[in-house]
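Following: one structure in structure tokens, then a few remarks.
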Amino acid sequence: IDDGSTDLSLEICHQYQKGDKRIKVLHQENKGVSAARNLGIKWAIGEYITFVDADDYIAQDYIEKLYLMMKHNHCNLAMCNYVEVREGKEYKINIINFDGVMTSKKLIEDTLYGRDVGGFCWGKMWKKSFLRHNFRNYRYCEDVLFCIENLQYGNERIAVISKPFYYYVRLELCRCH
């Protein structure tokens, strides 16, 4: 989804689309990350959804690992640890310390107390039919609200993987000394 980029991103995406018919490129005027994600959910034809921010990247087997964990544990959501990348250096974040299943109630509690990665929409694979709420157009924390709103119903089973498959690139916007 091109959200009104001013560089060559749209042309690059079209080149990928020409080489792989599974890729669909959508363009909209700049409306922000929430509108872009909601457009992606609306047009997605697959059974599963995952979000990868434009400056981040994923391990080669990210999709496979999350999918298999979901299927094996009969869950509607799978999530993994991540690596924080700062100035080209990787720092593994060990927030998830086990492989298995947790409840949505526990994930919401851990998210609200800052003990988990539950508030990030990235690093997760959702069953599309499980999503009941879209992203709200907030400037900050829109993904926290999205995750909590979609997890608040009942005691849903969440598949968790302690190995990091998502690479969160943290950009230093300014250096103040």
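The values are calculated or read from the model by the stated rules, or taken from the named source; none is laboratory data. For clarity, every value in this text was computed on a predicted model and none was experimentally measured. Cβ placement follows ideal geometry from the backbone for every residue including glycine, while neighbour counts extend to all protein chains displayed. Calculation scope for accessible area: heavy atoms of the full protein, side chains included, ligands and nucleic acids excluded. Shrake-Rupley method; radii C 1.70, N 1.55, O 1.52, S 1.80 Å.
Just a yes or no: is a residue in the stretch 58-80 over 25 Å from G154 (Cβ atoms) and at pLDDT below 95?
No, the conditions are met nowhere in the stretch 58-80.
Cβ-Cβ under 6 Å, sequence separation 6+ or interchain: first residue in the stretch 8-31 and under 20 Å from G46 (Cβ atoms), partner open to solvent by 50 Å² or more (accessible area, probe 1.4 Å) and not in a helix (DSSP H, G or I). Which pairs?
Within 6 Å, the pairs are Y16/I23; Q17/I23; L26/I1.
Could you please give the count of residues in the stretch 69-103 that are more than 26 Å from V169 (Cβ to Cβ) and without any contact (Cβ under 8 Å) to a residue 24 or more places away in the chain?
1
Out of N97, N150, report the one residue that is under 19 Å from M70 (Cα atoms), of a type in the set (S, T, N, Q) and open to solvent by less than 40 Å² (accessible area, probe 1.4 Å).
One residue alone meets the criteria, N150.
Residues that are touching a strand residue (DSSP E or B) at 6+ places or on another chain (Cβ under 7 Å) and among the charged types (D, E, K, R): does the stretch 85-93 have at least one? Give the steps one after another, and end with the answer.
Going through the stretch 85-93, the residues touching a strand residue (DSSP E or B) at 6+ places or on another chain (Cβ under 7 Å) turn out to be 85, 90-93.
Still in the list and also among the charged types (D, E, K, R): 90, 92.
Within the stretch 85-93, one or more residues are touching a strand residue (DSSP E or B) at 6+ places or on another chain (Cβ under 7 Å) and among the charged types (D, E, K, R).
(1) modelled with pLDDT of 90 or more; (2) hydrophobic (A, V, I, L, M, F, W, C); (3) over 21 Å from D56 (Cβ atoms); (4) surrounded by fewer than 18 Cβ atoms within 10 Å (Cβ to Cβ): which one isn't true of C176, the others all being true?
It is condition (1) that C176 fails.
Can you pull out the residues in the stretch 121-135 that are within 18 Å of V101 (Cα to Cα) and aromatic (F, W, Y)?
W126, F130
State all residues of the stretch 100-147 that are open to solvent by 40 Å² or more (accessible area, probe 1.4 Å), at pLDDT 90 or above, assigned to a helix (DSSP H, G or I) and over 19 Å from Y62 (Cβ atoms); if no residue qualifies, say none.
K105, K106, E109, S129, V144, L145 - these are the residues of the stretch 100-147 that are open to solvent by 40 Å² or more (accessible area, probe 1.4 Å), at pLDDT 90 or above, assigned to a helix (DSSP H, G or I) and over 19 Å from Y62 (Cβ atoms).
Within the group S9, S34, S5, which residue is closer than 21 Å to L145 by Cβ and either touching a helix residue (DSSP H, G or I) at 6+ places or on another chain (Cβ under 8 Å) or of a type in the set (S, T, Y) (or both)? Steps first, answer last, please.
Values: S9 fails: closer than 21 Å to L145 by Cβ; S5 fails: closer than 21 Å to L145 by Cβ.
Only one candidate passes the filter, namely S34.
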